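The values are calculated or read from the model by the stated rules, or taken from the named source; none is laboratory data. Quantities reported herein were computed from a predicted structural model and do not represent experimental measurements. Every residue, glycine among them, receives a Cβ derived from its backbone with ideal geometry; neighbour counts consider all protein chains shown. Keep in mind that these areas ignore ligands, DNA and RNA; they rest on the heavy atoms of the full protein, side chains included. Shrake-Rupley method; radii C 1.70, N 1.55, O 1.52, S 1.80 Å.
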Amino acid sequence: LQTFEAVRTKFSEFAPKLFGGGKANLELIDPTNPLDSGVEIQVRPPGKKPKNMDLLSGGEKALCATALIFAMFMERPSPLCVLEEVDAPLDEANLMRFLAFVKEMSTQTQFIMITHNKQSMQVADRLAGVTMGTPGA
């Protein structure tokens, strides 16, 4: 329960940063049985009414998942985090907030980000490219 509360607090902090406002919360479906309980994710993007997760856009779902992953990650931080194509479903406004968030988090953790997004590459401190010499290799 202590870990869940810490993750919930971080999620409630990170999601509005990534969405540019709004509210977010995590709730145990069965608080009397926390080890077997499911978790309800509540997200309210700015200017929108509370929605079921199924009604969120692909980018909103990605931001929600990112906020949850980062909230768990910060409860048990590591000096290194690998992100693969996390920015792919994001539109430009969401991408810029996501990149600012990663930049802010990079004071504590080194991020290796695998991406095809030019804007993501532009904000990187270091850039390494990989090409395929032979198709399929």
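Results, tabulated for the structure shown:
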read-out: Pair list, Cβ under 6 Å, 6 or more apart: segment 1-21 residue surrounded by 18 or more Cβ atoms within 10 Å (Cβ to Cβ), other residue charged (D, E, K, R); value: 7/75; 18/97
read-out: Test: residue 88 is open to solvent by 40 Å² or more (accessible area, probe 1.4 Å), in a helix (DSSP H, G or I) and under 19 Å from residue 20 (Cα atoms); value: no
read-out: Residue check for residue 12: in contact with an Asp or Glu (Cβ under 7 Å, 6 or more places away or on another chain) and either hydroxyl-bearing (Ser, Thr, Tyr) or modelled with pLDDT under 95 (or both); value: no
read-out: For residue 37: the one exception among (1) within 13 Å of the chain's Cα centre (by Cα); (2) assigned to a loop (DSSP other than H, G, I, E, B); (3) hydroxyl-bearing (Ser, Thr, Tyr); value: (1)
read-out: Candidates 74, 96, 121, filtered to the one that is outside any loop (DSSP other than H, G, I, E, B), of a type outside the set (Ser, Thr, Tyr) and in contact (Cβ under 8 Å) with a residue 24 or more places away in the chain; value: 74
read-out: From the options 83, 68, residue that is in a helix (DSSP H, G or I), among the hydrophobic types (A, V, I, L, M, F, W, C) and surrounded by 14 or more Cβ atoms within 10 Å (Cβ to Cβ); value: 68
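Here's the yes/no breakdown for (1) aromatic (Phe, Trp, Tyr); (2) open to solvent by 20 Å² or more (accessible area, probe 1.4 Å); (3) within 20 Å of residue 99 (Cα to Cα); (4) part of a loop (DSSP other than H, G, I, E, B):
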position	(1), (2), (3), (4)
25	no, yes, no, no
32	no, yes, no, yes
46	no, yes, yes, yes
64	no, no, yes, no
